[in-house]
1. Mind listing whichever residues of region 90-140 are closer than 20 Å to residue 62 by Cα, in contact with a Gly (Cβ under 6 Å, 6 or more places away or on another chain) and of a type in the set (Gly, Ala, Ser)?
2. Report yes if residue 92 is within 13 Å of the chain's Cα centre (by Cα), in contact (Cβ under 8 Å) with a residue 40 or more places away in the chain and surrounded by 17 or more Cβ atoms within 10 Å (Cβ to Cβ), otherwise no.
3. Have a look at 97, 148 and point out the one that is touching an Asp or Glu at 6+ places or on another chain (Cβ under 9 Å) and buried (at least 16 other Cβ atoms within 10 Å of the Cβ).
4. How do the helices (runs of 4 or more DSSP H) wholly within region 43-152 filter down when requiring 2 or more residues that are at pLDDT 95 or above and among the β-branched types (Val, Ile, Thr): which remain?
Amino acid sequence: MGTKNNDLQLVCDKLTSMSTPDSNQPGTRHTFQPAAERPEPAGAQDRVRDIAEVAAVEVITTTAVHLMSAAAVKCGLAEGDDAEQHKDLDEARKLITALAGLITAAAPEIGSQHAGPLRDGLRSLQLAFREASLIEDAPGQGPGEKFTGPVN
């Protein structure tokens, strides 16, 4: 499992280097709050202009990295002694399936330069899920396999 964890970490590191530095800061939390419920902070118009300048490929890869990181934690691949406490394969299945759908749909738009590493990370997660699961899924029935096909 250590090798798979290292492979996944390498893929995540490579992908995060493709996204914006501000979104990769440790402790950065991204939460949705409806516009009607949040105050208009100073400089909001500047941030709207800033996001308008971000390329779609960057938004897609950043989203994929967040899904990948969350799925890795839910598969029990987090670093530290408490990794098992964060393991939740039901949640991991949902995240991996969402990641597979995103990558499959976005691949033609973002090109192989970005889609290749995302696919590698997805495959590593699918294999890690299979290894962590006590009940084996039938071929093609694992998380995200309806989008990627069977992973072995």
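The values are calculated or read from the model by the stated rules, or taken from the named source; none is laboratory data. The shown structure was predicted, so the numbers you read here are calculated from the model rather than taken from an experiment. Here the Cβ is made from the backbone with ideal geometry for all residues, glycine too, and neighbour counts use every protein chain on show.
1. 100
2. On the way: within 13 Å of the chain's Cα centre (by Cα): yes; in contact (Cβ under 8 Å) with a residue 40 or more places away in the chain: yes; surrounded by 17 or more Cβ atoms within 10 Å (Cβ to Cβ): yes.
Considered against the rule, which asks whether it is within 13 Å of the chain's Cα centre (by Cα), in contact (Cβ under 8 Å) with a residue 40 or more places away in the chain and surrounded by 17 or more Cβ atoms within 10 Å (Cβ to Cβ), residue 92 comes out as yes.
3. Exactly one of 97, 148 is touching an Asp or Glu at 6+ places or on another chain (Cβ under 9 Å) and buried (at least 16 other Cβ atoms within 10 Å of the Cβ), namely 97.
4. On the way: elements: 44-52, 56-74, 83-86, 89-110, 112-132, 145-148.
Answer list for region 43-152: 56-74, 89-110.
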